Structure formats: C-alpha cells, structure tokens
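Have a look at the structure below before the remarks.
The values are calculated or read from the model by the stated rules, or taken from the named source; none is laboratory data. Note that the structure is predicted; figures quoted are calculated from it, not measured. Positions of Cβ are backbone-derived with ideal geometry, glycine not excepted, and every protein chain shown enters the neighbour counts. These accessible areas exclude ligands, DNA and RNA; they are computed on the full protein's heavy atoms, side chains included. Shrake-Rupley method; radii C 1.70, N 1.55, O 1.52, S 1.80 Å.
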Amino acid sequence: MRQTKLEDFLELERRIKEEVDKSREKDKILFQQAKLASLGEMLGNISHQWRQPLMEMNSIFLPIEAKIILGKKVKNSEILEAIEKLNIITKFMSDTIDDFRDFFSNDKEKIKFNLLEQINSIVNIISTGLKAHNIKLDILIKKNPNLFGYKNEFSQVLINLINNAKDELISRNIEDPYIKISIFEEDESVVVTVEDNAGGIKVNPIDTIFEPFFTYQKQNGSGIGLFMSKLIIEKNMEGKLKAYNKNSGAFFEIKIPKE
Ligand SMILES: Nc1ncnc2c1ncn2[C@@H]1O[C@H](COP(=O)(O)OP(=O)(O)OP(=O)(O)O)[C@@H](O)[C@H]1O
Ligand SMILES: [Mg+2]
C-alpha cells in the first residue's frame with residue numbers, strides 16, 4: 001500500500017514536470033513568433049529611417065559631378081567635404097542597423113544596463129516611423145537608473161507598447177497624436193510609463209489584453225505582443241506590467257525592482 005502511494009506520487013511529479021516543460025516550450029515558441037512579427041514592423045521603421053539619408057547620399061556628389069561634366073575645376077577641399085558628409089551619413093545608417101541587430105539577438109544572461117541608453121536606441125529606430133504619421137514622442141526623465149535583467153527583452157517590451165499605441169493612434173485617426181514615456185523612481189522600484197491619446201483600451205476587463213492571442217479590431221494583430229511583454233517583465237525581471245485607461249488614452253506602467 002505504502003509502495004503504491006509513493007509510486008503514485010512519483011508518477012504525479014513526473015507528469016507535472018512534463019506539463020511544466022511543455023508549457024515552457026510553448027512560451028518559447030510564442031516568444032519567437034512575436035519577435036518575428038515585430039521584426040517585420042521594425043524593418044518598416046528602418047526603411048523609413050534610411051530613406052532620408054539615402055536621398056542625401058544621392059545628392060552629395062551631384063555638384064561635383066556637374067562641375068566635372070562642365071569641364072570646371074574641382075577643388076580637393078570640395079571632395080573632402082563631400083566624403084566627410086558621406087561618412088557621417090553612413091555612420092548613422094550603420095548605427096541604426098547595430099541597434100536593430102541588438103534588439104533581435106537573444107539575451108544570454110542578465111546584465112546591468114542603463115535605461116535611458118536603451119530608450120535612446122529604441123527612439124533611434126522608431127522615431128522616423130512615428131514622424132511619418134505626425135505622432136509626437138515625448139520622453140520625460142526624472143531619473144536615469146540602471147536596471148538589471150535581459151536588456152533586449154526589455155527593449156522589446158517598450159517597442160511593443162509604443163507600436164500598440166501607434167497602431168491605435170493611426171487606426172482611430174487621432175488629431176495631434178502623441179506618445180509619452182516617463183521614467184521615474186519609487187521607493188523600491190524603477191517605473192517606466194507609456195501613455196497615448198488614442199482614446200483608451202476598449203475591452204472589458206482591461207486585463208484581457210494580456211491573454212495570449214487576444215487581439216481586438218486589428219487587421220494583422222497576432223495578439224502576442226502584450227502577453228509576451230507581461231512574461232518578460234513579470235517572470236524574467238520580477239516586475240509588474242499593468243494597463244489602465246486615463247483621460248485621453250491608454251496608460252501602461254512597468255515597475256522593476258531596483259537593482
Ligand atoms: N495603447 C493602446 N490603446 C488601445 N488599445 C490597446 C493599446 N495597446 C493594446 N491595446 C489593445 O490590446 C490588444 C492586444 O495587444 P497585443 O499587443 O497583445 O496584440 P496586437 O497588437 O493585437 O497584436 P501583435 O501581437 O501584433 O502585437 C490590441 O489588439 C488592442 O486592442
Ligand atoms: Mg501589439
């Protein structure tokens with residue numbers, strides 16, 4: 001009798017472990033899917049980001065070319081100046097690609113990273129895409145703390161929140177659209193909030209938006225973005241991610257325990 005009880009117990013334990021492993025595996029696949037989805041969106045941002053510098057590059061040597069065609073003399077200083085401009089532009093383009101690659105590399109370990117630096121590289125990538133839709137991005141910094149955790153996953157969360165806000169601002173045709181990011185500290189935690197003026201989350205209860213595959217009134221929504229964001233913040237960084245509606249729109253709050 002005792003023997004069977006022990007066996008039953010071991011069998012139960014084995015099955016629990018199996019189910020937990022399966023569910024971890026599922027989360028991993030969802031993560032991968034969500035990354036791929038935002039990859040497409042980010043590529044769109046980069047193509048916006050590169051259009052301007054590509055046009056500039058195109059025009060840098062035009063005056064020199066014209067002079068040569070007209071048989072005029074070209075000064076060395078003119079050529080050097082053009083080369084210098086070219087260097088600045090290609091540096092900018094290559095920085096964008098570096099930021100981009102960083103976001104999609106897998107975090108291997110938790111590290112200490114600076115919040116503002118991370119936000120700046122996100123802004124580098126997404127700002128042109130926002131400008132294209134006249135969306136104002138405000139960043140309010142009261143503190144510039146370091147965080148400890150998975151740096152790129154954390155950026156992924158912010159990108160998800162910003163992209164969601166952008167989607168609603170565009171699809172609801174909001175006048176004077178804006179996204180505001182605030183960074184400050186409370187006693188025990190670092191707080192990052194993302195708010196918009198798109199009119200708010202239209203589902204009830206609000207927390208439904210964190211369920212996997214929950215998407216609402218979106219053409220190409222996969223519904224993984226916020227589910228993944230919550231996993232990253234709450235499981236991987238021991239923090240909290242919450243959503244509210246405020247006066248003019250949605251308000252997301254990330255709290256991460258101080259280092
Ligand atoms: N800032 C916001 N304002 C209003 N509704 C929002 C906002 N952010 C999210 N939502 C709602 O929450 C839903 C779930 O968001 P989530 O990011 O998980 O999925 P999605 O954006 O629909 O798809 P994707 O997986 O492509 O991100 C959205 O479909 C939208 O209805
Ligand atoms: Mg989304």
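Miscellaneous remarks
- Structure note, pairs LYS108/LYS235; LYS5/LYS28; LYS180/LYS246; LYS28/LYS131; LYS108/LYS136: Cα-Cα distances above 23 angstrom occur for LYS5/LYS28; LYS28/LYS131; LYS108/LYS136.
- Equivalent ellipsoid semi-axes, region 149-205, via Cα gyration tensor eigenvalues times 5, rooted, Å: 24, 14, 12
- ILE206-LYS85 FRET efficiency (beta carbon distance; Förster radius 45 Å; 0.05 resolution): 0.35
- Computed with a 1.4 Å probe over protein heavy atoms only, the accessible surface of the chain comes to 62 Å² per residue.
- Positive contributions from Lys and Arg (+1) and negative ones from Asp and Glu (-1), summed over other residues with Cβ under 10 Å from the Cβ of LEU231, come out at -1.
- Longest to shortest principal axis, alpha-carbon extents of the chain, angstrom: 104, 44, 40
- Phi-derived couplings, Karplus 6.51 cos²θ - 1.76 cosθ + 1.60 at θ = phi - 60°, listed residue by residue for region 215-228: 9, 9, 6, 10, 5, 10, x, 9, x, 9, x, 6, 4, 5 Hz, with x used for Gly and Pro.
- Accessible carbon and sulfur surface of region 121-253 relative to its total accessible area, %, 1.4 Å: 45 percent
- Over all other residues within a Cβ to Cβ distance under 14 Å of ILE79, the charged ones net out to +1, with Lys and Arg as +1 and Asp and Glu as -1.
- Relative contact order (percent, whole number), the chain, Cα cutoff 8 Å, 6+ residue spacing: 16 percent
- Region 157-230 versus region 117-132: alpha-carbon centroid distance in Å: 16 Å
- R0 of 25 Å, Cβ-Cβ distance SER189-GLU117: FRET efficiency to nearest 0.05: 0.80
- Over all other residues within a Cβ to Cβ distance under 13 Å of SER121, the charged ones net out to -3, with Lys and Arg as +1 and Asp and Glu as -1.
- Residues in region 135-143 carry Karplus couplings, in order, of 8, 7, 10, 9, 10, 10, 10, 9, 9 Hz; the curve used is 6.51 cos²θ - 1.76 cosθ + 1.60 with θ = phi - 60°, and Gly or Pro positions show x.
- Accessible area of PHE9 in the full protein assembly, 1.4 Å probe (Å², nearest 10): 120 Å²
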